[in-house]
């Protein structure tokens, strides 16, 4: 064999090895012991169903379970759940075989179970409960179109979902086939948009547009793309969570024709992100669709910083951008899910700085009465008492959000995620302050940097970098020492009481840096 043949042989061998290599970190490439794509668990009820049927989204829709008897064959129901499933006038129940199979049949506190199985407490009224808590109906110029913000609208194309969340903010219409939208309504919505040039962004929701017949859904997308001033189309969907089988090659090829198109999904717990979901999201991103996520803060499901951290990490691993954490709306049937606003603030405090910035969502309250989404942060959070939060939206619209009267605080001692939380030596952060362990925060426990061949102390270990503020008795690291008397400048001594010396000409002010005084 001459040199040329040897080079060709080596190149062919290298190419074959490269082609056979599989990225072990890519969740969409995960395989089982049989060498086939990994699958999530399946309830015994459907063990005999061939994979071809199970993977057919139409079969999933046609075989949803909804009665006490059907669900009782799959899960060991509690008395509270039996009461919820038997209640007259309850919000619709429909669960795909795939999604109910993810539930631990013996665990009444399973986080997926709590989201889709009704309980008796759904029927209990609570303070500030509303039917249309977001005021969507009064911002609707034509049926199904909500125009609440200047340059974007919400387009409700159906009232049907693959499964139904027990905290649904549109439970007044969602799941009710008598209130569904039809082609005539879609045309009225498109006609309004043609006559409203300030609208540049349309969010398609419902219900869930991905439950529509493919041709009808594409007709809506084409109608939007034929309007010159519509720049962005967004799809809000929980179908990839309830029924990832819907995200097939045919759908992705169709969606790719209507770029720029974005999609926001709705995961509340990391157990919802299965191998099937990973492959579905991989198809979407390969079709060029940016994918985000909106979670709802739910008592007993994700009201724990460790649970939420696991979720955002798994989202990012699947190329899904954590976008929002919503405070649970004041909608009928959601009282047992509601948490204090302080719980959301605690979670954000436990994420920011403790993980990547792009893994930290924005915490928002959808303002009661139609004020829109309000980030819970300075300038927007006006006042916070033990029972009421006062908020301001981008227009200056003031609204109040009632805190829940009863909230069973998350018990860290019984939470497996809290007990197994990753250690962060010296990075106790805000929790150390709240627990009274310390008066300021400084990094400690960085001995591992020396084991990497670095013989110099980390720059943040220099005490001069960490001069604490004069809070309580803690100044210059001398906790408990008497406070130093700070002498005012001569100019400041001549100022009237209640005023302070202005900065010298040319010196920056706090306002110049966008800081709050």
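The values are calculated or read from the model by the stated rules, or taken from the named source; none is laboratory data. Keep in mind it's a predicted model, so treat the numbers as computed, not measured. For neighbour counting, all protein chains shown are included, and Cβ atoms are generated from backbone atoms with ideal geometry for every residue, glycine included.
Answer with yes or no whether residue 234 is within 25 Å of residue 41 (Cα to Cα) and either touching a helix residue (DSSP H, G or I) at 6+ places or on another chain (Cβ under 7 Å) or assigned by TED's automatic domain parsing to the domain that holds residue 202 (or both). No. Restricting attention to segment 372-402, the residues being farther than 18 Å from residue 329 by Cα and assigned to a strand (DSSP E or B) number 2. Answer with yes or no whether residue 61 is in the same structural domain as residue 107 (by TED's automatic domain parsing), over 14 Å from residue 246 (Cα atoms) and under 30 Å from the mean Cα position of the chain (by Cα). For residue 61, the condition - in the same structural domain as residue 107 (by TED's automatic domain parsing), over 14 Å from residue 246 (Cα atoms) and under 30 Å from the mean Cα position of the chain (by Cα) - is not met. Residues in segment 143-154 that are touching a residue at least 24 places away in the same chain (Cβ under 8 Å) and either under 23 Å from residue 91 (Cβ atoms) or in a loop (DSSP other than H, G, I, E, B) (or both): 143, 144, 147, 148, 149, 150, 151, 154.
One residue stands out in segment 272-302 among those that are more than 12 Å from the chain's Cα centre (by Cα), in contact (Cβ under 8 Å) with a residue 40 or more places away in the chain and outside any helix (DSSP H, G or I): the one that is nearest to residue 364 (Cα to Cα), namely 299.
Here's the yes/no breakdown for (1) surrounded by 16 or more Cβ atoms within 10 Å (Cβ to Cβ); (2) touching a strand residue (DSSP E or B) at 6+ places or on another chain (Cβ under 9 Å); (3) more than 27 Å from residue 413 (Cβ to Cβ):
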position: 309; (1), (2), (3): yes, yes, no
position: 314; (1), (2), (3): yes, no, no
position: 329; (1), (2), (3): yes, yes, yes
position: 348; (1), (2), (3): yes, yes, no
position: 366; (1), (2), (3): yes, yes, yes
position: 381; (1), (2), (3): yes, yes, yes
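Just one of the listed residues (7, 61) is out of contact with any strand residue (DSSP E or B) (no Cβ under 9 Å at 6 or more places or on another chain), touching a residue at least 60 places away in the same chain (Cβ under 8 Å) and not in a loop (DSSP other than H, G, I, E, B), namely 61. Tell me, please, whether a residue that is touching a residue at least 40 places away in the same chain (Cβ under 8 Å) and on the phi > 0 side of the Ramachandran plot can be found in segment 242-261. Checked against the condition, which is being touching a residue at least 40 places away in the same chain (Cβ under 8 Å) and on the phi > 0 side of the Ramachandran plot, segment 242-261 yields no hits at all.
Of the numbered criteria (1) in the same structural domain as residue 73 (by TED's automatic domain parsing); (2) within 32 Å of the chain's Cα centre (by Cα), the one residue 30 fails is (1). For the structure I just gave you, tell me whether residue 110 is under 29 Å from the mean Cα position of the chain (by Cα) and more than 18 Å from residue 162 (Cα to Cα). It is true that residue 110 is under 29 Å from the mean Cα position of the chain (by Cα) and more than 18 Å from residue 162 (Cα to Cα). The single condition from (1) assigned to a loop (DSSP other than H, G, I, E, B); (2) at pLDDT 95 or above that residue 35 fails is (2).
Confirm whether residue 140 is in contact (Cβ under 8 Å) with a residue 24 or more places away in the chain, more than 22 Å from residue 406 (Cβ to Cβ) and surrounded by 16 or more Cβ atoms within 10 Å (Cβ to Cβ). So residue 140 fails the test.
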